[in-house]
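Colleague: The structure is given below, and queries will be raised subsequently.
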Amino acid sequence: MQASLDRFAYGLPDPQEQEPPQVAQCTYCSEAIYADDEVTDVEGELFCNDACFRRHVGGCIVRAGDVV
Ligand SMILES: [Zn+2]
């Protein structure tokens, strides 16, 4: 069986695999955000994951002790 790329294709929806509707997009990377996705919400701005939020605000992960 071939891997499904339906999420990236346009056309008739596959009744076997209904995607939830896209409700928003990530503020940082513009990735589609679908209903029921677990995302980071910051005062109404949605980020597809914590990394996008961190980059949006200019943050990054460091090891405490290396920089302070
Ligand atoms: Zn994102």
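Colleague: How about region 34-44: which of its residues are over 23 Å from GLU19 (Cβ atoms) and out of contact with any helix residue (DSSP H, G or I) (no Cβ under 7 Å at 6 or more places or on another chain)?
Modeller: Matches in region 34-44: GLU43, GLY44.
Colleague: Name the pairs whose Cβ atoms lie under 6 Å apart, with the first residue in region 46-58 and within 14 Å of ALA24 (Cβ to Cβ), the second among the acidic types (Asp, Glu) and within 6 Å of the ligand (Cβ to nearest atom), and 6 or more positions between them or separate chains?
Modeller: CYS48/GLU31
Colleague: Also, quick follow-up: How many residues does region 35-58 contain that are surrounded by fewer than 15 Cβ atoms within 10 Å (Cβ to Cβ) and of a type outside the set (Val, Ile, Thr)?
Modeller: Summing the residues that are surrounded by fewer than 15 Cβ atoms within 10 Å (Cβ to Cβ) and of a type outside the set (Val, Ile, Thr) in region 35-58 gives 10.
Colleague: Would you be able to tell me the number of residues in region 47-61 that are within 9 Å of the ligand (Cβ to nearest atom) and not small (Gly, Ala, Ser)?
Modeller: Looking only at that region, the number is 7.
Each reported figure results from applying straightforward, stated rules to the coordinates on display, with no laboratory input. Note that this is a predicted model, so its numbers are computed, not measured. Cβ: placed from backbone, ideal geometry, glycine included. Neighbour counts: every protein chain shown.
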